[in-house]
């Protein structure tokens, strides 16, 4: 059976075949056939945004929270498409399955310096897993199938599909759309039994073992498998940076996030471990800065990764295992049915648990609860007031970097950050996407005043579509990380470091959202509680001490003698 459809109608039919729930995007004349077809697509909710970049962050947040592809549609070629680049670069760094669609110049106008002409195929190739430009209308369903398959195949990541105007307008007799299961992989690789046996022996005889749980555990909801193995070994589990929610905060073997930006307990464990089982982590920049300053040079590393090129890339390994991380963890637990002598390892774990308990107590005791509001006091208040089922999104910047391991993530998949891309202006838009994926969950987005100023126009998107998140603006009136570097390494020669902003609580109200101002730390908890209960998108503008600056990357300025 066939149907006479335009290329634009076929594109929407392809999205429907993929069970697409949301399309985030900005209308444009280059894709009018798609938007007209969306008008009749009752199963797809279109969320119109104010900027293609933030629309991509919404699709990114939706993809990470749901586990399905997030879809963004830039309606205009040229500038509409170029605005996608930052968001796709962000999704690429996070291995987030975003399917990005953009209108493209009519095929007959290419290479003629036409209106809004840009080489979109070349533009997107470096920041996606793959980029296609549809050559003809009859190829549209095929390319949509390939786009979704590529985005969702490990390691996942964003893809770009450019659709020329003439392709979208052409009428073609299309066959019925196929089910996605007809062209998708249905399994993941397991570890070879010999590797499992060798790894089990190393773990069983280790006196100071540690498990590092990364995105390969978090993104697969593999925490049960990882913790079953950890419980059998009575072994501490640290999480890679940005994945502090890979296992529940309350588990007694959870040490928190490791690395140069992690907490001292988790970081010490990795520096002293004799056997390290890296489950679904690259041991990359944020975890190690690529140096043995952050991981024991003498440790035997067993690295389990679904992406084979990641194995042993930054540190030599004792065993490199190409496998899905939860699958390998389950195999290891089955192989470790009896462990003869655990006295040394049990003492190692017991000492860590006492140190972790003392660290958490000291973290609360050290929180400065006086005026003006200090980051430590704000984070303690957030620990006390945020619901345990909250999803938390963060920006880059010094305040959010401090917050990443200062908050408690009780439920796996509760922390959404820019990860290695270090993007400012991500959190609020990402939170809107997370809320679309998980509407019954409270979503709290932490941002600095600079980052929120970049993206606050999406307040109208939140209001128009009833996407009720709470954004906490940590307002210190500066670009905090850069100002700290200018203070510490450039003799306080400040330039471009200070930010002026309107009262964000009032701005929120002008958009039709709820706004709250927290001038003092005592104002924060009631403001957040009210924001969570207001039934609208909400912004809490928190005044934070501008002098509370912290230089995170001191290593970057060693050449200055600081």
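No lab work stands behind these numbers, since they all come straight from the coordinates. For clarity, every value in this text was computed on a predicted model and none was experimentally measured. Glycine gets a Cβ as well: all are built from the backbone with ideal geometry, and neighbour counts include every protein chain shown.
Give the percent of DSSP beta bridges with both residues in segment 2-183 that are antiparallel, rounded to the nearest 5. Just about 20 percent of them are antiparallel.
Per residue, the convex hull around the alpha carbon atoms of segment 187-235 comes to 83 Å³.
Given in Å, the Rg to one decimal and the Dmax to the nearest whole number for the Cα atoms of segment 416-477 are 11.3, 33.
Once C-alpha pairs closer than 8 Å and six or more residues apart are averaged by separation and normalised to the residue number of segment 105-239, the relative contact order reads 20 percent.
Segment 383-420 and segment 481-505 have Cα centres separated by 24 Å.
Taking a ≥ b ≥ c as the square roots of the eigenvalues of the Cα gyration tensor, segment 244-319 is prolate, since a/c reaches 1.5 or more and a/b is larger than b/c. Looking at the chain, the DSSP beta bridges with both ends there are about 10 percent antiparallel. Per-residue Cβ neighbour counts within 10 Å put 459, 88 in the sequence 459, 88, beginning with the fewest. Put in line by how crowded their Cβ is, counting other Cβ atoms within 10 Å and starting with the fewest, 490, 249 read 490, 249. Each principal axis of the Cα cloud of segment 117-188 was evaluated for its coordinate range; sorted largest first, these ranges are 40, 33, 10 Å. Estimated from helical segments only, the mean residue ellipticity of the chain at 222 nm is -11000 deg cm²/dmol, where each DSSP H run of four or more residues counts as -39500 (n - 2.57). Determine the shape class of segment 2-183: with a ≥ b ≥ c the square roots of the Cα gyration tensor eigenvalues, call it rounded for a/c under 1.5, and otherwise prolate if a/b is greater than b/c, oblate otherwise. It is rounded, given that a/c, with a ≥ b ≥ c, falls under 1.5. Under 8 Å for C-alpha pairs, at least 6 residues apart: give me the relative contact order for segment 432-472, rounded to a whole percent. Relative contact order comes out at 58 percent. Ordering 383, 165, 184 from the fewest to the most neighbouring beta carbons within 10 Å gives 184, 383, 165. Hull volume per residue, based on the alpha-carbon atoms of segment 193-355 and their convex hull, is 92 Å³.
Considering the zone a paramagnetic label at residue 487 would reach in this model (a point 7 Å from Cα along the Cα-to-Cβ line), which residues of segment 442-476 have amide N under 17 Å from it? Output list for this probe position: 448-450, 474-476.
Calculation over all alpha carbon pairs of segment 367-557 in 5 angstrom steps from 0 returns a P(r) of 1, 8, 17, 22, 21, 16, 8, 4, 2, 0 percent. Any chance you could check the Cα centroid distance between segment 74-152 and segment 329-378 for me, in angstrom? Between the Cα centres of segment 74-152 and segment 329-378 lies a distance of 45 Å.
When Rg and the Kirkwood Rh are both derived from Cα coordinates, the Rg/Rh ratio for the chain amounts to 0.99. Under the criterion of Cα pairs below 8 Å and six or more residues apart, the relative contact order for the chain equals 13 percent. Ordering of 96-104, 440-448, 355-363 by packing is 96-104, 440-448, 355-363, highest average first (other Cβ atoms within 10 Å, averaged per residue). Model label points for residue 181 and residue 498, set 7 angstrom from Cα along the Cα-to-Cβ axis, are 6.3 nm apart.
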